[in-house]
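Structure first, then comments.
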Number of protein chains: 2
Amino acid sequence: MTLDDLCINTIRLLAVDAVQQANSGHPGTPLGAAPMAYVLWDRFLKHNPSDPKWPDRDRFVLSPGHASAMLYALLHLTGYDLSLDDIKRFRQWSSKTPGHVEYGVTPGVEATTGPLGQGFANGVGMAMAERWLAQHYNRPGYEIINHYTYAIVSDGDLQEGVAAEAASLAGTLRLGKIVYLYDDNDISIEGNTDTAFAENVTRRFQAYGWHVIGPIDGMDISAVQLAIRKARAVANRPRLIICRTVIGYGSPHKAGTAAAHGEPLGEEEVRLTKERLGWPHQEPFAIPPEALAHFRQALDRGRRQQDEWETMLRAYTQDHPEEARQLAEDLRGDLPQNWDEGLSSLFVKADKPIATREASGRVMNSIAERVHSFAGGSADLAPSTKTLLKDHGHYGFEEYCGHNVHFGVREHAMGAIANGMALHRGIIPYTGTFLIFYDYMRPPVRLAAMMGIRVIFVFTHDSIGLGEDGPTHQPVEQLMGLRMVPNLVTLRPADATETAEAWKVALERRQGPTALVLSRQSLPVLDRRTLAPANGLHRGGYVLWQASQSPEAIIIGSGSEVHIALEAGKLLKDNGIAARVISLPSWELFDGQLPDYRNQVLPPGLRVRISIEAGTPLGWERYVGLDGKAIGLSRFGASASGKVIYDQLGLTAQRVKDEVVQILEGKSYWWPAT
Amino acid sequence: MTLDDLCINTIRLLAVDAVQQANSGHPGTPLGAAPMAYVLWDRFLKHNPSDPKWPDRDRFVLSPGHASAMLYALLHLTGYDLSLDDIKRFRQWSSKTPGHVEYGVTPGVEATTGPLGQGFANGVGMAMAERWLAQHYNRPGYEIINHYTYAIVSDGDLQEGVAAEAASLAGTLRLGKIVYLYDDNDISIEGNTDTAFAENVTRRFQAYGWHVIGPIDGMDISAVQLAIRKARAVANRPRLIICRTVIGYGSPHKAGTAAAHGEPLGEEEVRLTKERLGWPHQEPFAIPPEALAHFRQALDRGRRQQDEWETMLRAYTQDHPEEARQLAEDLRGDLPQNWDEGLSSLFVKADKPIATREASGRVMNSIAERVHSFAGGSADLAPSTKTLLKDHGHYGFEEYCGHNVHFGVREHAMGAIANGMALHRGIIPYTGTFLIFYDYMRPPVRLAAMMGIRVIFVFTHDSIGLGEDGPTHQPVEQLMGLRMVPNLVTLRPADATETAEAWKVALERRQGPTALVLSRQSLPVLDRRTLAPANGLHRGGYVLWQASQSPEAIIIGSGSEVHIALEAGKLLKDNGIAARVISLPSWELFDGQLPDYRNQVLPPGLRVRISIEAGTPLGWERYVGLDGKAIGLSRFGASASGKVIYDQLGLTAQRVKDEVVQILEGKSYWWPAT
């Protein structure tokens, strides 16, 4: 066996043994894809296992995240901080080796993958960030940012729409630093891909504007090596190398079948596989010393490469001190001193109603003046979402330094690409679309939350208030849906002033994503001279106004319903009932306050509580309990003017007032209704 | 002006006037796409405006649903039950002419569209249903089912991943009765499509296996006519005709620009447009009599075509009475007499735990023995979702009568295609994937609910109970998310016996979709000799067991947590505390019961209430209120065995018991926590 083959088999069998020991996992892809992964990591990948965060490392994304054991093997063998014991604890509670690869859990894992297609699109985002930084910061003689983004992608990835969207955009942008290896093994869970996937992948990717190499024999290391070398030589095209492989290669009874995909081979089949591969060790987790020695050369090589880069960076810092400072700030994701100066006073002089999307657009443009790394775009709705950063350029082919990305009508890829940008670092990305299209991009929002990365998802047109476009475009369940995603902070500001505060929260929140939920329709700018200040938003919820220090009833609203709640409070006052009005822009922030504060806002004993929100009432019982009432929508919206829909569906101050009176008179039925 | 041009301008200007009168809407597409729509409707479309439900009519889907005014014009002009007054009430409350086209609201609208890409995929589902019925029922000399599925699709549709997924599957299946007209106008909301959509659409669709015609001049009616004729002559390939058009054609200042897309032209520009188009009428909503007369020929033509078909059907019924009876049953969507016989007793003898996905598989196979129209498939997970109908064949090229569709790893298209099948009628479709991948297919689930069509969405692997695959695959917010979709019934059965009842609900529910949420892990089959019967599921929630007629505490669970709730109830009993255990498989069904029943199950005065569910607790306050506690997950899951995760995250009977004791002892804090 050559050293290369020995190394490849070491990857394969570490993965197979890990799966077998866990009695759970996916041995098929590691057996088939180990050769291409090996060639890439051994001959091309620029990385430093001692410093997985080196900014100019090549990025490697394993889009089929279920092939995790293969990546863990590579990380251990090349010297990352991942021990053999970690691998032996594959798929166990609190181990560094979960079933699908997870960013932040395992050093060297660049993205959490598993839901197919996401990694493909994340890589496009990484490559976009790389080009953006390169164009901003590289100077003659200083290729400070200059790395590839590699990925292994699978049949399943290429079937998912999100990958199709990302591929089309990558082709349009002619991203020249993407090299993807397609593990083309003809097998998916239901059997041969012929039954569902008979398309010509080569021609499809060529149609997108990719350079396609192959099909090559993906098990032949010299073929893979040649293909990657050729791929790197092509300019201004993303590259796809089609590698024909055999899933479960080496397993006498399972190779080439779906049986190799998602379950352990079994003790006996593992034995036979080792035999077939000419592997001399029957004990599990064997690593031949010569293989380990070879892999570990990555440590020296990586240190040397990073050293060279740092030497260059030092010289660059001397020659271009301002650029170096800004680059460092961008890469750290830091906000400059006083970045938010003036934001809170942007709307103090507002004398007419402003839609929160409109206010958001102004805030964003202020931020863009000071925060260089702030960039993003919209899924073909920028004029409506107001997310355009004026005078900050477009991101396009050879205009990679623009701050405004045109994602096209591709919400799903937009989310996943923004995740990739955040993972790369250097950009604080935002996305923009209508709230209803959150449904098109739920997976990346969830993954951003799981990865704990700073991505800002702007969602406008947040309710029936958008009016005539009708129920297909009117969110009902989306707002509450956002609140249910762990580690996502959702902000639905009541007016322009809260919108400014919301953006501060979003930019400053580094440990996870933020969703901004904004109105299409104009909303009164709350008069803060008579009402509590807008910075109450930072606590999630606050008493906006009350008729008396000892209110008899509480009215809670968010976003575009807060001014209705306020109107209702005043109606009640006119009727001799003292109400308190609470603005609750963020449940996550409010629920995270200390009990004292929460009880101050919502006194536990005061149960006459009404909420009003133009979305599903389900969930509002958290605040109104069994004795209050949640006013919302338990049906789809309608096509009419926003005002008419609000009236017809009972989202009015009069209704709130009536409900409060009913509860106070003991007429309300305990059952939570709409 | 020729009569054709007059007719085309009539469509255009009805649409323009409707938008102008509503002061809201999309004039651009009607102006550009009217010629192709006219040619299709005038020269090819087989339809009968007097009977929009004629089963063998051609289907026409307007995928850019925002071009609704164009379709309303066509429907009115050709004689559907849609008056000129309806068109004048465009986008008004309770009109038959909402902003985006809606199925069930407007006669002749085949699908609710607006969220882009959905209509494209719906059409694929319609064409699949057509082929399925044709292969089942056509006999020599009797082409009982033989119609085309046409659609107009836009740049935006083709950018969406869902359309890419559906196109790839349609190509794989070589669906020969699809003809789509692509309105290729180079403009989307952010401007020229070059910025985001530079791919070669022709080559992409060829790669999928489509036959592509064009680009042709989409404004030239003879070119369009020739192209459609050619397209219909091609066998065994879906067809895409690329029609180059000018958005906003005729508008002197807005044609060819994004300004024509989504807002009224304005009074003056309408005037100028009419002038430019040579339109002699300045009053709005003018319909030249000769144009109307020409359009209305569709009535006679349609009646004649349907008469011929009905004559054929009568002869067919004589020659093939059993087929005719079965076809009628399929088309009506009726279930045969006694279709559910034996389902409730499938598991009476179960003596070991059964995963509800496994139980579901058995129930489905029983149903398939009796319900001919029951067909569907999985997004490459059939062996895991247990959704395969054994011995009912695969749906593939030239095997169109199989009941098992291999959707590939394409959840989004799967949902939208299933919607298309249900809209077509003849199939009662189901889909299958993991619950986490509901996130990939939210839009079609929502649209099925909005359209009120019977689609059964099977979601397995419904919680952390799936184990080692980890947080990327473990739902947290998805289950509650399903419950928030209006007109969707979600069922999460506690065991095999409830699973059988759940399928009965799903099949019998004709007015909307049903989601079945099932476990990967084995669950005890509840012993119904000592517990309440499983048919309690039909009321959504029921008292499963209680220690006493006057319980001190209530424990509520759903699905895989019901047996834990039961165990907790018994633990409490051992500790001298009388609890009631409620199984709550469906919130929608339970909330729909009369107050008496609900109050019987959940006595309003009894506030010591604990819920347990392996998902977000947000929402459970509806039942546990401010004085109870919702045990659930406010974080993402983890990669470990299901049992370990349940223990580590506190989803145990012991925890439930402890919480009940705490509440009873007054130690629990009112604030809803996790």
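How about the stretch B:193-220: which of its residues are buried (at least 20 other Cβ atoms within 10 Å of the Cβ) and at the interface with chain A (Cβ under 7 Å from one of its Cβ atoms)?
Within the stretch B:193-220, B:195, B:196, B:197, B:199, B:204, B:206, B:207, B:208, B:209 qualify.
Kindly provide the set of residues from the stretch A:233-268 that are assigned to a helix (DSSP H, G or I) and within 34 Å of the chain's Cα centre (by Cα), ordered by number.
Once the filter is applied, which keeps residues that are assigned to a helix (DSSP H, G or I) and within 34 Å of the chain's Cα centre (by Cα), the stretch A:233-268 yields A:233, A:258, A:259, A:260.
Can you find, within the stretch B:82-97, the residue that is farthest from the other protein chains (Cβ to nearest Cβ) among those that are in a loop (DSSP other than H, G, I, E, B) and more than 12 Å from residue B:25 (Cβ to Cβ)?
It comes out as B:83.
What helices (runs of 4 or more DSSP H), lying completely within the stretch A:108-192, carry at least 1 residues that are more than 9 Å from every other protein chain (Cβ to nearest Cβ) and of a type in the set (Gly, Ala, Ser)?
Because the criterion is at least 1 residues that are more than 9 Å from every other protein chain (Cβ to nearest Cβ) and of a type in the set (Gly, Ala, Ser), the helices (runs of 4 or more DSSP H) in the stretch A:108-192 that meet it are A:118-137, A:161-173.
Could you grab the pairs with beta carbons closer than 8 Å, sequence gap of 6+ or different chains, first residue in the stretch B:631-655 and within 7 Å of chain A (Cβ to nearest Cβ), second one among the aromatic types (Phe, Trp, Tyr)?
B:638/A:93; B:639/A:93; B:640/A:93; B:644/A:93; B:648/A:93
Return a yes/no flag: does the stretch A:528-550 have any residue that is under 19 Å from the mean Cα position of the chain (by Cα), buried (at least 21 other Cβ atoms within 10 Å of the Cβ), more than 14 Å from chain B (Cβ to nearest Cβ) and of a type outside the set (A, V, I, L, M).
Within the stretch A:528-550 (the criterion being under 19 Å from the mean Cα position of the chain (by Cα), buried (at least 21 other Cβ atoms within 10 Å of the Cβ), more than 14 Å from chain B (Cβ to nearest Cβ) and of a type outside the set (A, V, I, L, M)), the answer is no, since none of the residues qualifies.
Looking at this structure, is residue B:557 on the phi < 0 side of the Ramachandran plot and touching a residue at least 24 places away in the same chain (Cβ under 8 Å)?
Taking the combined requirement at face value, the residue satisfies it.
Which numbered condition trips up residue B:344, out of (1) in contact with a Leu (Cβ under 8 Å, 6 or more places away or on another chain); (2) assigned to a helix (DSSP H, G or I); (3) closer than 30 Å to residue B:558 by Cβ?
Among (1) in contact with a Leu (Cβ under 8 Å, 6 or more places away or on another chain); (2) assigned to a helix (DSSP H, G or I); (3) closer than 30 Å to residue B:558 by Cβ, residue B:344 violates only (1).
Here is a list: A:142, A:148. Which entry is more than 27 Å from residue B:163 (Cα to Cα), in contact (Cβ under 8 Å) with a residue 60 or more places away in the chain and either charged (D, E, K, R) or in contact with a strand residue (DSSP E or B) (Cβ under 7 Å, 6 or more places away or on another chain) (or both)?
Only one candidate qualifies: A:148.
Which one of these is touching a strand residue (DSSP E or B) at 6+ places or on another chain (Cβ under 8 Å), of a type outside the set (Val, Ile, Thr) and not assigned by TED's automatic domain parsing to the domain that holds residue B:478: B:650, B:637, B:615?
Every option except B:650 fails the conditions.
Kindly indicate which of B:223, B:227 is more than 10 Å from every other protein chain (Cβ to nearest Cβ), buried (at least 23 other Cβ atoms within 10 Å of the Cβ), within 22 Å of residue B:45 (Cβ to Cβ) and not polar (S, T, N, Q).
B:227
Could you run through the stretch A:639-662 and say how many residues are under 23 Å from residue A:472 (Cα atoms) and aliphatic (A, V, I, L, M)?
5
Given the options A:434, A:407, name the one that is surrounded by 24 or more Cβ atoms within 10 Å (Cβ to Cβ), of a type in the set (Phe, Trp, Tyr) and touching a residue at least 60 places away in the same chain (Cβ under 8 Å).
One residue alone meets the criteria, A:407.
Could you look through the stretch B:482-507, keep only residues that are polar (S, T, N, Q) and within 14 Å of chain A (Cβ to nearest Cβ), and pick out the one that is surrounded by the most Cβ atoms within 10 Å (Cβ to Cβ)?
Applying the filter and picking the extreme gives B:490.
Looking only at the stretch B:299-342, which residues are on the phi > 0 side of the Ramachandran plot and either out of contact with any strand residue (DSSP E or B) (no Cβ under 9 Å at 6 or more places or on another chain) or in the same structural domain as residue B:145 (by TED's automatic domain parsing) (or both)?
B:338, B:342 - these are the residues of the stretch B:299-342 that are on the phi > 0 side of the Ramachandran plot and either out of contact with any strand residue (DSSP E or B) (no Cβ under 9 Å at 6 or more places or on another chain) or in the same structural domain as residue B:145 (by TED's automatic domain parsing) (or both).
Residue A:490: assigned to a strand (DSSP E or B) and not assigned by TED's automatic domain parsing to the domain that holds residue A:582, yes or no?
yes
Here are the criteria: (1) within 14 Å of another protein chain (Cβ to nearest Cβ); (2) assigned to a helix (DSSP H, G or I); (3) among the aliphatic types (A, V, I, L, M); (4) more than 23 Å from the chain's Cα centre (by Cα). Tell me which single one residue B:554 does not satisfy.
The single condition residue B:554 does not satisfy is (2).
Taking residue A:79 and the conditions (1) touching a Leu at 6+ places or on another chain (Cβ under 6 Å); (2) surrounded by 24 or more Cβ atoms within 10 Å (Cβ to Cβ), which numbered condition does it fall short on, given that it satisfies the others?
(2)
Can you pull out every residue in the stretch A:583-611 that is over 17 Å from residue A:479 (Cβ atoms) and touching a strand residue (DSSP E or B) at 6+ places or on another chain (Cβ under 7 Å)?
A:601, A:602, A:606, A:608, A:609, A:610, listed by residue number.
Can you confirm whether the stretch B:3-26 contains a residue that is in a loop (DSSP other than H, G, I, E, B) and crowded, with 24+ Cβ neighbours inside 10 Å?
Yes; the residues of the stretch B:3-26 include at least one that is in a loop (DSSP other than H, G, I, E, B) and crowded, with 24+ Cβ neighbours inside 10 Å.
Identify all residues within the stretch A:269-291 that are assigned to a loop (DSSP other than H, G, I, E, B) and not hydrophobic (A, V, I, L, M, F, W, C); write none if there are none.
A:278, A:280, A:281, A:282, A:283, A:284, A:288
Out of all the residues in the stretch B:355-363, is one or more more than 31 Å from the chain's Cα centre (by Cα) and within 30 Å of residue B:431 (Cβ to Cβ)?
No: the stretch B:355-363 contains no residue that is more than 31 Å from the chain's Cα centre (by Cα) and within 30 Å of residue B:431 (Cβ to Cβ).
Just checking: which of the helices (runs of 4 or more DSSP H) contained wholly in the stretch B:580-674 hold 2 or more residues that are in contact with a Gly (Cβ under 7 Å, 6 or more places away or on another chain) and modelled with pLDDT of 95 or more?
The qualifying helices (runs of 4 or more DSSP H) are B:587-591, B:642-648.
Hey, does the stretch B:424-441 have a residue that's hydroxyl-bearing (Ser, Thr, Tyr) and more than 27 Å from residue B:645 (Cα to Cα)?
yes
Every residue in the stretch A:199-232 that is assigned to a loop (DSSP other than H, G, I, E, B) and of a type in the set (Lys, Arg), please.
Selection gives nothing.
Could you check how many residues of the stretch A:98-107 are under 14 Å from the mean Cα position of the chain (by Cα) and either in a helix (DSSP H, G or I) or closer than 23 Å to residue A:23 by Cα (or both)?
1
Can you find even one residue in the stretch A:428-439 that is under 13 Å from the mean Cα position of the chain (by Cα) and in a helix (DSSP H, G or I)?
Yes, the stretch A:428-439 has at least one match.
The values are calculated or read from the model by the stated rules, or taken from the named source; none is laboratory data. Just so it is clear, the structure is predicted and the values come from calculations on it, not from any experiment. No Cβ is skipped: glycine too gets one built from the backbone with ideal geometry, and neighbour counts run over all protein chains shown.
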